[in-house]
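Asks: Here it is: the structure, laid out below.
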Amino acid sequence: MTTTECTHCDELSTAVEAAHEHALRAFTDPDGDHLAGISWLSAHLGAVEESVARSLRQHSIASATELREQRAANRRLHHELRTLEQALAGDALAARVDISASRDRIVTALAEHAAGEHLLLDRLGRHTGAETSAAVARRYHDALVVGPTRPHPRLPSTLPVIGSVVRRAARVRDHVLDTLDGRRNPLPRQRRSRREPGRWGHYLLGTPLDAAQDDGRND
């Protein structure tokens, strides 16, 4: 699963595939950071629901059957991620889980999820064009950086409004638990616009104020 295999390799496809590849590396390496892989896929699944799935519904691009099949694939991936997370945490309910076999099942579920996702992304790109695809890519990135970091297989996916509200509550809970557990968040950081310091800001920072800027302020 590489970006060169995408039929419609635009910004959105590239961003989505990057999440797949981060997770794939974590799960195919026996010494990989499995919790990081879980965080990547959990955030990715939430971001896809907030961006790609929403756009597919808005533009009536995919059939109800196709969306239902993709949701089923996503839910299977959620369940496998949750099983591995429980095993890694020493949960008694997952005491007999074979870590290696669990990783293999995640890789299989990820391949199934990605195959269906590629088809939907390609269709989205063909029907809406580059401008809409770029807008969906921005929504995907914005949702990814603040997304859930733990799997939630029981979250509703057929009720968009309720599902969105529940996902927001889940991601807040996840980030609180990450802090309490000292769990590293591997997701990219949120984009922030850089603010230029004013005259007093430059003075406190000990940096020179541009002469033209200074002249403008004195006018």
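Asks: So, R0 is 25 Å and r is the distance between the beta-carbons of T179 and R54; what FRET efficiency does that work out to, to 0.05?
Replies: That gives a FRET efficiency of 0.30.
Asks: On full extension of the chain, what length is gained from L119 through H79, given 0.36 nm per residue of separation minus the C-alpha to C-alpha distance?
Replies: 12.1 nm
Asks: Under the Karplus relation 6.51 cos²θ - 1.76 cosθ + 1.60, θ = phi - 60°, what is the ordered set of whole-Hz ³J(HN,Hα) values for the range 39-54, x standing for Gly and Pro?
Replies: With the stated coefficients, the range 39-54 comes to 5, 4, 6, 4, 5, 4, 4, x, 5, 5, 5, 6, 10, 5, 4, 4 Hz.
Asks: Give a residue-ordered list of calculated ³J(HN,Hα) values for the range 169-178 (Karplus: 6.51 cos²θ - 1.76 cosθ + 1.60, θ = phi - 60°; whole Hz; x for Gly, Pro).
Replies: Result, ordered by residue: 5, 5, 6, 5, 4, 4, 5, 5, 5, 4 Hz.
Asks: Just need the relative contact order of the range 3-181 here, percent rounded to a whole number, with Cα pairs under 8 Å and 6+ apart.
Replies: Reported as a whole number, the value is 34 percent.
Asks: Another question, if that's okay. Near the amide H of A62, under 5 Å away, which other amide H atoms are found, from residues 5 or more places off or on another chain, if H is placed in the peptide plane?
Replies: none
Any read-out appearing in this document is the output of simple, stated calculations on the displayed coordinates, not a laboratory observation. These numbers were taken from a predicted model, which means no experiment stands behind them. Note that each Cβ is placed from the backbone with ideal geometry, even for glycine, and that neighbours are counted across all protein chains shown.
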